[in-house]
Amino acid sequence: METLLLNGKVKFFNLKGRFGFITDDATKEDYYYYIKNPLIKFEADDKVTFSLRKAKKGMEAVSIKKVDPE
């Protein structure tokens with residue numbers, strides 16, 4: 001099964017709680033995400049790719065990777 005890769009932008013990231021929201025470029029919907037690895041940090045407006053998975057409270061962003069600036 002192939003995973004759909006989406007493009008978006010980090011809307012918010014709480015460094016202490018390691019969670020935030022990503023806005024999907026295509027739909028403008030916001031998706032929650034949580035980062036387990038404390039060494040990974042995002043900042044508002046970082047461009048990212050991500051996938052979605054169904055969670056208890058709806059869809060959440062997973063497999064998040066920063067997009068290198070062109």
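The values are calculated or read from the model by the stated rules, or taken from the named source; none is laboratory data. Remember, it's a predicted structure, so these values are computed and weren't measured experimentally. Reconstructed Cβ throughout: ideal geometry from the backbone, glycine too, with neighbour counts over all protein chains shown.
Things worth noting here:
- Number of residues in segment 1-50 that are surrounded by 15 or more Cβ atoms within 10 Å (Cβ to Cβ), touching a residue at least 24 places away in the same chain (Cβ under 8 Å) and small (G, A, S) equals 1.
Let's see how each residue does on (1) part of a loop (DSSP other than H, G, I, E, B); (2) at pLDDT below 95; (3) touching a Lys or Arg at 6+ places or on another chain (Cβ under 9 Å):
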residue	(1), (2), (3)
N7	no, no, yes
K11	no, no, no
T23	no, no, yes
A26	yes, no, no
Y32	no, no, yes
I40	yes, yes, yes
S51	no, no, no
P69	yes, yes, yes
